[in-house]
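The values are calculated or read from the model by the stated rules, or taken from the named source; none is laboratory data. All values reported here derive from a predicted model rather than from experimental measurement. Cβ: placed from backbone, ideal geometry, glycine included. Neighbour counts: every protein chain shown.
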Amino acid sequence: MIQKILDKYPEYRDTCGIYDLKDKAFTFIRDKTWELEATKDVVILVPTGTEGLNPKNTYEFVDNLDYTFTLLHNEIHKDTEPAANVIGENCFIHPTAIIGTEGMHVAKAPDGSRVQMKHVGNVILEDNVSVFAFTTVDRGVFGSTIIGASTKLDSHVSIGHNCKIGKNCVMTAGTIIAGSVVMGDNCMTGIGTRIRNYMTISKNVIIGAGSVVVKNLDAPGMYVGVPAKLFSQFKSDWNF
């Protein structure tokens, strides 16, 4: 199946995410709600039977989407070295912190085994970022994991692949942020915060200690609980 797709599109030898498209690349969507009108020359892998797609785009219908795309990505990038990390000025990185490790993205094979998707992106730390002890920041699967200027990552924080963390944020100890989270500027997480993958967090958000975020936090304010819910509207005199 993988070789048939590669043979059908001999000029396509890259992969990308649907929200960061590249020319002559393969990407994927899980259902039509993910779809954008393609602005690049891409082939989009979609699950067999998906309906209501934009007829202007090019699709390949596949069974077991995650597994098929993982194999395709890994074959294309089998000899690709991960991109170099970019570290801004005046950054502090504790010797035990790990910047640019490969995160976990696994797909289930038909026989039940798990296949890891190779990560070929990097990490960008903007200026004045601090990363304290035993914290990990995963490199991007395709592009970059970005930590915004003047953001501080306390000890034992985990930032997943392809996250985009804004400027002037504070992640306190034990915060775990899964992959592809987008967080606005001037946010703070309490100790032990958990944020599931693909969440979007507004700017000026405080997340209380031990809270679990499973839905987008679309408005500034303080959120607490499991799952996290709005506790207080944002106040301009908050000093955090």
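Structure notes:
- Any chance Val137 is farther than 13 Å from Val181 by Cβ, assigned by TED's automatic domain parsing to the domain that holds Gly184 and either of a type in the set (D, E, K, R) or touching a strand residue (DSSP E or B) at 6+ places or on another chain (Cβ under 9 Å) (or both): no
- Looking only at the stretch 165-183, residues that are buried (at least 19 other Cβ atoms within 10 Å of the Cβ) and either among the hydroxyl-bearing types (Ser, Thr, Tyr) or in contact with a strand residue (DSSP E or B) (Cβ under 6 Å, 6 or more places away or on another chain) (or both) come to 9 in all.
- Total residues in the stretch 46-74, condition without any contact (Cβ under 8 Å) to a residue 40 or more places away in the chain and within 23 Å of the chain's Cα centre (by Cα): 3
- Test result for Val86, of a type in the set (A, V, I, L, M, F, W, C), within 28 Å of Leu45 (Cα to Cα) and either under 17 Å from the mean Cα position of the chain (by Cα) or surrounded by fewer than 18 Cβ atoms within 10 Å (Cβ to Cβ) (or both): no
- The stretch 5-60 - residue that is modelled with pLDDT of 90 or more and assigned to a helix (DSSP H, G or I) and, of those, surrounded by the most Cβ atoms within 10 Å (Cβ to Cβ): Ile5
- Matching residues in the stretch 94-130 - criterion: being part of a strand (DSSP E or B), crowded, with 18+ Cβ neighbours inside 10 Å and either out of contact with any Phe, Trp or Tyr (no Cβ under 6 Å at 6 or more places or on another chain) or in contact (Cβ under 8 Å) with a residue 60 or more places away in the chain (or both): Ile99, Gly100, Asn122, Val123, Ile124, Leu125
- Condition check for Asp237: modelled with pLDDT under 95 and of a type in the set (Asp, Glu): yes
- Residue selection: Ile206 satisfies the criterion of being in contact (Cβ under 8 Å) with a residue 24 or more places away in the chain, of a type in the set (Val, Ile, Thr), in the same structural domain as Cys91 (by TED's automatic domain parsing) and crowded, with 21+ Cβ neighbours inside 10 Å.
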